[in-house]
Amino acid sequence: MSQSDQAENHEVQIIKVGPDNMAQTQSLFYNAYLETDIARTLLKADKSGYEQRLRGFIRETLIHHYHSNNISLAMIENDQIIGAAMVSRANCPSNFISSWRWRLGMYSVAGIMITEGIRRYYKDVQEILSSVDSYWISLKAFRPEHQHHGGGRILLRAVHDQCEQDASFKGIGIDVSLPVLRQFFESEGYMKMGEVKLGKKLTAAILYHPKADNAPPLKK
């Protein structure tokens, strides 16, 4: 699947993530998530080995998405990946937190306690989304130098287009902690369904966008 679009007069293309661009996609996510509050909290940035654990989390999650035939899209410009999104069903038994292969890979790089903490967090996220048969954006990133030029909206809408090819699609969710990201998704029609606390100081908002002809769930 591919489609051409324009963002600030730069021609971009939406492609599927596969073996040929997996390394580029992994690098994109690593740099995007390195300083984010959720990643730093879940992967214990205050303990040595944080960068290795983050690389392992991204690698294992991307491998799982690819082999599970989930929606994995990237935006390219001049043969460089500038944005990407990984999407799966929120409550599907084959999503990564339910996968033994993913779990064993994470045990080897992050240990049992950190891995199970990640799984608890995402189970809480999915519990909030359980009232609807939703898709879930588990990873999304854009290169900083390409932000604020409309590309993020193009990529997000490409994700929605792919999800809507599923006749049972009712909506899509995402977890965010940064106010600027929440504002971005709310400007695209997402609404808050609930929140998940990570420790004493950090709270992630769980946002949801219903399919156009679906009634939205109650806000929390």
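Take the conditions touching a residue at least 12 places away in the same chain (Cβ under 8 Å) and basic (Lys, Arg) and apply them to Arg40. Does it pass?
No.
State whether one or more residues within the stretch 29-43 are farther than 22 Å from Ser177 by Cα and not acidic (Asp, Glu).
There is no residue in the stretch 29-43 that is farther than 22 Å from Ser177 by Cα and not acidic (Asp, Glu).
Filtering the stretch 167-182 down to residues that are loosely packed, with under 14 Cβ neighbours inside 10 Å and touching a residue at least 24 places away in the same chain (Cβ under 8 Å), which residue is nearest to the chain's Cα centre (by Cα)?
This residue is Leu178.
Hey, any hits in the stretch 68-79 for a residue that's in a helix (DSSP H, G or I) and either surrounded by fewer than 22 Cβ atoms within 10 Å (Cβ to Cβ) or touching a residue at least 24 places away in the same chain (Cβ under 8 Å) (or both)?
no
Against the conditions (1) modelled with pLDDT of 90 or more; (2) touching an Asp or Glu at 6+ places or on another chain (Cβ under 6 Å); (3) hydrophobic (A, V, I, L, M, F, W, C), where does Ile58 fall short? Just the number, please.
In the conditions (1) modelled with pLDDT of 90 or more; (2) touching an Asp or Glu at 6+ places or on another chain (Cβ under 6 Å); (3) hydrophobic (A, V, I, L, M, F, W, C), Ile58 misses (2) alone.
Does the stretch 126-137 include one or more residues that are modelled with pLDDT of 90 or more and assigned to a loop (DSSP other than H, G, I, E, B)?
no
The values are calculated or read from the model by the stated rules, or taken from the named source; none is laboratory data. Keep in mind the model is a prediction, meaning the values are calculated, not measured. Counting neighbours? That spans all protein chains shown, and the Cβs are built from the backbone with ideal geometry, glycine included.
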